Structures are given as C-alpha cells and as structure tokens.
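The values are calculated or read from the model by the stated rules, or taken from the named source; none is laboratory data. Note that the coordinates shown come from a computational prediction; the quantities given were computed from them, not determined experimentally. Here the Cβ positions follow ideal geometry from the backbone for every residue, glycine too, while neighbour counts run over all protein chains shown. Accessible surface is based on the protein model in full, side chains and every heavy atom, while ligands, DNA and RNA are left aside. Shrake-Rupley method; radii C 1.70, N 1.55, O 1.52, S 1.80 Å.
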Amino acid sequence: PSGSGKSTLARAVAGLIPRDIPGTWVGSLRVGNLDVVSAGPAEVAARVGILFQDPGSQLVMDRAEDDVAFGLENRAWSLAAMKSRVPGALEEAGLGGFERRRGSRLSGGEQQRLALAGVLAPAPAVLVLDEPTASLDPDGAERLFKRLASLKSSRATTVILIEHRADLAWPLADLVLALDATGAPIDLGEPAAVLARSGSRLARAGIWLPDDLAIARRAEPSLGAAGPDPNSPGAGPSAWAEVPGHDRELVSVRHLRFGYEPGRPVLRDVNLGIAEGERVALVGPNGSGKSTLLRLVAGLLRPAAGSVRLDRSDPYRLRPAKLASLAGYVFQDPELGFIADTVAAEIAVGLDQSGVRNAAGILERLGLPLARFGERSPYQLSGGEQRRLSVAAALAQSPRALLLDEPTFGQDRIGWESMVGLVDELVDDGTAVLAATHDRLFAERVAVRRIEMADGWVIAEEAVSRPSATASEETRP
C-alpha cells in the first residue's frame, strides 16, 4: 500500500540511504559484492540506475539530449560514444526527435520518459524503477513493459520495479515482495505462490492485484468519429450534456490557443464547455495539452488567443481569494502546490475553524488522519500520500470546479476507492470536475463525459456509461 516504504527501499538499493538521506539503519544491504553503507557513491552509481517517483526532480540539464548524456559523461563515456547512444536512448523511451527540446517545457509524462531514457542509457547492472508508468499514457506504459520484458529475457539487468499497475507488473516478475502499511513484509516469493498464500491479506492491505484492472485494460473504441475535425479552425464549442439538477455552464473555453515557446503551439483552437455538476475526463497521449488546458482554466496561464471563462469571469484576472473559491487545482506534481511546513498547516490554509474540522474529516477518509500525519512535513510523505494530501487540500476549499491532473497516480486500492467516493459526493453537491487522467478505470467510474486530446486539439468526445453496481463491486478487494 501507499506509504509502506517501497520508495525508501528503492533509495536504499541505490545507495542514497543512509548516506544522503539520514535515518536509523539496522541490518545490511548488498548490491553484488558492495555493501551500500560502506561503498562510495561512485561505486554504487556505477552499478545501479534509479528512476525516482518524481521525474522532474531527476532532470538536471536544459536540453533533453544533454540530460541523457549527463549520466554517461559522469561514467567517463567518450564524446563519440555519447553521441551514438543518446538518440537511441531517447527513441527507446518514445522521445525520438526530442534532442533539442527543453526538459522543463515537456509534459509530466514526457519528463518521465526523459528521466527513464537517462537511466536506461548506460545499461546499468541493476535498474530500480519507482512507479515508472505513473504519468505515462497507455502507449508509453506498453512500450516500457516491452522494454522490461526484453531486459528480462536477456538477463543482462536486474530490475527492481515498484508499480501499482499489477496487471502489467506481475507477469514480468520472478519474485514479488509485498509490504504492509508498517513496512513489514507480507510475503516474498514467486508471483503465483504469493497470490495463493497471501492474496486475501494483500487485498485487505489495499494492494492492487493482477485481476483488479481487467475492466480498465479492455479494448476501448476510438473516439475519433464522435468529435469535431481537428483541422477545422472554425469548429464550434463542444456540446455539453445537461446534468440532472444543474444546467448552467460553469467552464467555458472558446477558440483557445497557447504555446510556451514561439512556433511550438501546445493548444490549437480548443473549444470546451462544462456544466455545473458535470464530471469530465480529459484523456490523450503525453504532450497532447491536457495539463496546459487545466492550468489555463485554473487561471495560472494567460491565453495567447481565445478566451477562458470560469463562472463567466476570466480566471487569470481574478483575485486569489475569489479564484480559490471557484477552482480547486491539483498539480500533476503535488509538491508544486504545497505552501506549508506541516500537513495540519497545509490543510488549514484559508479555512476557518469549521472548515478545518471538515478538512480533518476529508484527511481521515483519505487515510491521512491528523493525529498521525498532522505534524509530518508534506515533503516527507510518500508519493501516494502527497497526492491524497493535495486532493484533500483542494476539496477542503469547497470549490465550484475541481481540476485534477492525474489524481490517482501512486494510489493503492483503498486510497483509490476513497478518492472516487469523495469525488462522487462533490458532484452530487454541484461541483464540476475536470480530470486529466490516464487511469481508464477512474474515468469509467467517475466521468459522465470523456474528451480526447491529441497534439493540442480536442479531437473527440463521448458520453461515458458508468459501470453497473455489480461491475463496480467486482473491482473492490
């Protein structure tokens, strides 16, 4: 489950604990013939490559090609060898042709691919991957697991994979280590044996099991026939379905264009309308413009052309207090939204005593009770816990529109179900939800409409039929 110590174990294997991240260490850990406690950083780094849960923190250079070359240069590769290897590493990660792109301008999924290219480039003996598919679109996740399958068949690299997407990860595994909420092992062994011995214990702990995501992995029909022609700049605003009890348009986007750099558009003539109480899933490949659209609706960016209206106001021009009452925005990287030193202070920002009590209840439901987590730093939580805190902070403000960027990444089963339940309740009270997500099951359970983007266009949309109660029950542990 989230917070069980998986990322801590990954950092220990990479030699970052206890040398660079202090703490209490008991026992031993060896990589080959190296004791990670006594070995020097260069010795461990020469054998172990690690992909962090937050890929943005791993990017150190301005250009993509320089970032991939950085690790090779530190291993004393020749210039000729680096020039030969870097384009291939980018291609393997799905970033062919991105050599001169700025890492800071890439989408979250593209940054994850770039960090992965840098880790894979030197072909380390031990590869530690901490939730490498968290921000990847389905094509990117499939590409990654094909690469891991190739590494497994060659037996050239030992792979330690931390992954909630059990349906993809379990078939590749020789061994499964399952930890409980305290960080203690539930079981260790071959995948089939672990399921036979401890499947029920894993399910009770909130761990995703291989069969849980069967519904989300089914083939999906293309949405292309349902939407406007992306090459038609005069296409009209997207139609929005009436939501029972709520028939007023809350979010209005008209002929919106935006780009971070001249000559490189990110959004191209986007039209979108969302009603009060409507829940919309925004889907599409990495780099299609989903996060940028959310930031524009949240008032964090100014359109290059066209308009964005939130309850008939321009969100970019609203005062912060007014904007906070209208829009609750959850960043793809939760740390970008934190402003306080403790969980208790973070959840209380801008709230009166009644609001704080309500926020405490939200945290309790999301598995972050103040009695246990209140004095913890938001920056020392696990990735899944940070995500739940960021969602709780947005929910606590009771916004009219809830804007979620990959809200379910890093979530165990219990956290996922709690988040879905809270979103359902919000919509019942009239809050509109716009969620950029690669989580097909989340989109199916929460959304009434799905909008697909590609290369900055809204290319298609369709109504979503929510699964029956029976189907929903089948996905619960």
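Data for the structure
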quantity	calculated
Percent antiparallel among DSSP beta bridges (both partners in the chain, rounded to 5)	50 percent
Mean Cα-pair separation over length for the stretch 313-381, i.e. relative contact order, pairs under 8 Å, 6 or more apart, %	33 percent
Acute angle (nearest 10 degrees) that the helix 64-74 long axis makes with the longest principal axis of the chain, alpha-carbon atoms	20 degrees
By accessible area with a 1.4 Å probe, ligands and nucleic acids excluded, highest first: order of K6, K83, K290	K83, K6, K290
Stokes-Einstein diffusion coefficient of the stretch 71-158, Kirkwood radius over Cα pairs, 20 °C, 1.002 mPa s, in µm²/s	157 µm²/s
Amide H partners (placed H, <5 Å) of L179, local residues excluded	I186
Net +/- balance of residues flanking T158 in space, Cβ distance below 11 Å, scoring K and R +1, D and E -1	+2
Nearest-ten-degree value, helix 191-204 long axis tilted from longest Cα axis of the chain	40 degrees
Summed side-chain charge close to V48 - residues other than V48 whose Cβ falls under 15 Å, Lys, Arg +1, Asp, Glu -1	+1
Check: the chain dipole with +1 on Lys, Arg Cβ and -1 on Asp, Glu Cβ, in debye	680 debye
Surface share of carbon and sulfur [accessible, 1.4 angstrom probe, percent] for the chain	52 percent
Over the stretch 246-334, equivalent-ellipsoid semi-axes from the Cα gyration tensor in Å	20, 15, 14
Most to least packed among 110-123, 250-263, 267-280, 60-73 [average Cβ atoms within 10 Å]	110-123, 267-280, 60-73, 250-263
On Cα atoms only, tilt of 383-396 relative to the major axis of the chain in degrees	20 degrees
Positive minus negative residues near R309 (Lys, Arg vs Asp, Glu; Cβ under 15 Å)	+3
Pairs of alpha carbons in the chain whose separation is greater than 39 Å (percent)	22 percent
For the stretch 341-356 and the stretch 109-186, distance of Cα centres in Å	37 Å
Nonlocal amide H pairs with D137, under 5 Å, H built at 1.01 Å	N286
For the chain: relative contact order, % (alpha-carbon pairs under 8 angstrom, 6 or more apart)	16 percent
Phi to ³J(HN,Hα) by Karplus 6.51 cos²θ - 1.76 cosθ + 1.60 over the stretch 439-454, Hz, x for Gly, Pro	7, 5, 5, 4, 4, 5, 7, 9, 7, 9, 9, 10, 10, 9, 10, 7
The stretch 384-430 versus the stretch 36-87: alpha-carbon centroid distance in Å	35 Å
CD proxy at 222 nm, helix term only [per DSSP H run n ≥ 4: -39500 (n - 2.57); per residue of the chain; nearest 500]	-10000 deg cm²/dmol
Shape metrics for the stretch 343-477, restricted to C-alpha atoms - Rg then Dmax, Å	15.7, 47
